[in-house]
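The values are calculated or read from the model by the stated rules, or taken from the named source; none is laboratory data. Quick caveat: nothing in here was measured; it's all calculated off a predicted structure. We place every Cβ from the backbone using ideal geometry, glycine too, and count neighbours over all the protein chains shown.
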């Protein structure tokens, strides 16, 4: 008796679900291509953003679920959580891969800023085995404090008309390690790799705190943070310090006390070398171990 009334509802649900899939595809294409504009049967179809088609796709999914027959709602309620549980670990991996892809397309391969120059140039000095940069020409300049006149940000004058780096050595040392293997390009791959590690470790931390769904949401929020995305494109210390510190917290939460203490300390070491002002915060991973 319910079949005649159920069929229109089912057809309406299928139609709106198809529309939701189409809108989701438009959002994905817009994300990957930066937007598009084309004509279909004389009508102009364009999309230059991700938010609107994604929101309309979610709205259509909600409406489609509302118009589903009761038995279909039961199936969705039964199987959707299982599917989501299996997909959540891949959300963080996909977000990390997306950040790496973004750096590959838009990331910088040059020390074009004063801070990035300080880090990359110090890495070159570590490779050379001498942290002094000789500037003997400063002795020929007639005005006072001539050495300071030729000292860039991240350096300070030293004896005998030399300058030495003042930035913390953690990030330049990491850059030097990668440069020994990958050449000059090795200095610029640290931040995107650290960004991927930060996203994955955020997922792991969220799982420890409140389960996979929390971890996946935290990973997505981290990967979509404008600050994280911007700092991932430049050879800067913010993202690497956050990544090592996050890994330290994740390892401190491990169930094996002695191993977690050792590994958490090893991960915290580079974070403190990159940002020495993190040293007082070591009490937090220590408290987790205890």
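None of 58, 43, 23, 15 is at pLDDT 75 or above, on the phi < 0 side of the Ramachandran plot and exposed (fewer than 11 other Cβ atoms within 10 Å of the Cβ) except 43.
Can you confirm whether residue 123 is assigned to a helix (DSSP H, G or I) and free of Cβ contacts under 8 Å to residues at least 12 places away in the same chain? So residue 123 does not fit the description; no.
Residue 181 passes all but one of (1) more than 21 Å from residue 233 (Cβ to Cβ); (2) touching a helix residue (DSSP H, G or I) at 6+ places or on another chain (Cβ under 8 Å); which number fails? For residue 181, the exception is condition (2). In the range 227-247, the count of residues that are part of a helix (DSSP H, G or I), surrounded by fewer than 18 Cβ atoms within 10 Å (Cβ to Cβ) and outside the structural domain of residue 123 (by TED's automatic domain parsing) is one or more. Residues in the range 245-260 that are within 25 Å of residue 115 (Cβ to Cβ) and touching a residue at least 40 places away in the same chain (Cβ under 8 Å): how many? Residues flagged as within 25 Å of residue 115 (Cβ to Cβ) and touching a residue at least 40 places away in the same chain (Cβ under 8 Å) within the range 245-260 amount to 2.
Could you say whether any residue in the range 183-205 is under 25 Å from residue 100 (Cα atoms) and part of a loop (DSSP other than H, G, I, E, B)? Yes, the conditions are met somewhere in the range 183-205. Inclusion of residue 191 among residues that are crowded, with 16+ Cβ neighbours inside 10 Å and within 19 Å of residue 120 (Cα to Cα) is warranted. What about residue 155, is it surrounded by fewer than 18 Cβ atoms within 10 Å (Cβ to Cβ) and within 27 Å of residue 279 (Cα to Cα)? In short, no.
Scanning the range 261-282 for residues that are touching a helix residue (DSSP H, G or I) at 6+ places or on another chain (Cβ under 7 Å), part of a helix (DSSP H, G or I) and touching a residue at least 12 places away in the same chain (Cβ under 8 Å) returns 261, 263, 264, 267, 268, 270, 271, 272, 273, 274, 278, 282.
Taking the range 235-262 as the range and being closer than 23 Å to residue 96 by Cα and modelled with pLDDT under 90 as the test, the residues that pass are 252, 253, 254.
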